[in-house]
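Following: one structure in structure tokens, then a few remarks.
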Amino acid sequence: LNQTSPERETLLFENLQYLVDYCHTNDCLRKSILQYFGETADFDRCGNCGNCLDQSEMVDITLDAQKILSCIYRMKNRFGLNMVIAVLRGSKNKKVLELGFDQLSTYGILKEQSAESLREIIMTLVAKGYIIVTADEYPVLKLTPAASGILKGDETVFHKKHLLNIPAAKTKSSGKAKPPVDCDEALFEELRSLRRSIAQDKGLPPYVIFPDATLREMAAYFPQTEAEFLNISGVGQARYDHYGTVFIEAISRFAENNPITIRPRPVAAADDPEPRVSKQQTGEKEAKVPSWELTYELFAGGMTIAAIASQRELTENTVLSHLIRCDQEGKTIDWGDFVDADKEVTIINAIGTVGLEALRPIKEALPESCSYADIKIVIHKNGLQ
């Protein structure tokens, strides 16, 4: 890629972006192809392509789209896909906190969504022209003028339901999803009414004030001090400063006028493992660190996948899986170091021909120089899962 002229590099990126959009669009595929070659289609749906014949249930994802677009805007259109996903899911990784993104109103606003599901929605918004991906060394997401229609509520977005039913990764501790919190429904409705009033006064969507899950925790644990309020999921210092006092007053009034039992909120495990402490410092066994983080430390130190696999006695496929996990957690991985632009276009062309049901047909459609690892990297990088 470094030896490619800027003009050819731009053309390759545009072709690649078209192929990625083609994989994510719900529109008529035949019409998309005609438009790519500069022809005008006299129809909206051809009735014969895969999308036109697809009977999948479509669901309204407008609200999630608004939250995503709002997050990109509040991050000033300066960050890439994985960082946006990390903020939306409320990640506590070091870079997110250092940049102060935990103070944004959109921090953690889609924490119930898996990273894969958010990636699918974002790539769909790119395919529909609401977001562009820059052709920089480190691509960033930027809103287009068309995004205003979604943010203002003038347009709706639909997507195939089965593509969004990707569950968030199970934790080792529980192995199952967290159940809804048991709350006082009367207080919950009062807090929803208060939120609606504030949102109307400020001209904001209600979810930007606090999501329902956060209101349910308030109605379950009745926080009446700053410390208690900040311990509620979805509440950061910025939200407390803006809305904390009025919500605490409402909760306190409810507690005074109703027979309630106040219970402490359970202390949730942090998203990230405890910092490592050396045996010399504690005299005890070293705190366990996720295997993928150990892999990343070696990778960040300049080691190749093969060298890491050898040192850690892992397969190269496992090392690659670790790096993909690191990327999803917001750590810096430059996939361009692994697969150049020409090879990436070749792989996406093959995927467009044989589909994503299995890797072997893709591999068989490619030159010998394209490995299974290359295919996995391209699929991950372009959100084609």
| note | Expected output for segment 362-385 (first residue over 16 Å from R119 (Cα atoms) and modelled with pLDDT of 85 or more, partner among the hydroxyl-bearing types (S, T, Y) and part of a loop (DSSP other than H, G, I, E, B), Cβ below 9 Å, 6+ apart or cross-chain) is K363/S371
| Does A115 satisfy being outside the structural domain of I209 (by TED's automatic domain parsing), more than 20 Å from R89 (Cβ to Cβ) and at pLDDT below 90? | no
| note | Within segment 292-337, of all residues that are surrounded by fewer than 18 Cβ atoms within 10 Å (Cβ to Cβ) and of a type in the set (S, T, Y), the one farthest from the chain's Cα centre (by Cα) is S310
| Subset tally (residues that are assigned to a helix (DSSP H, G or I) and modelled with pLDDT of 70 or more) for segment 9-45 | 8
| message | With the condition being free of Cβ contacts under 8 Å to residues at least 60 places away in the same chain and within 11 Å of the chain's Cα centre (by Cα), I'd like the helices (runs of 4 or more DSSP H) fully within segment 66-152 carrying at least 3 qualifying residues. | response | 81-88
| Taking segment 343-385, which residues are small (G, A, S) and in a helix (DSSP H, G or I)? | A350, G352, A373
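The values are calculated or read from the model by the stated rules, or taken from the named source; none is laboratory data. What you see is a predicted model; the values in this text were computed from it and never measured. Glycine gets a Cβ as well: all are built from the backbone with ideal geometry, and neighbour counts include every protein chain shown.
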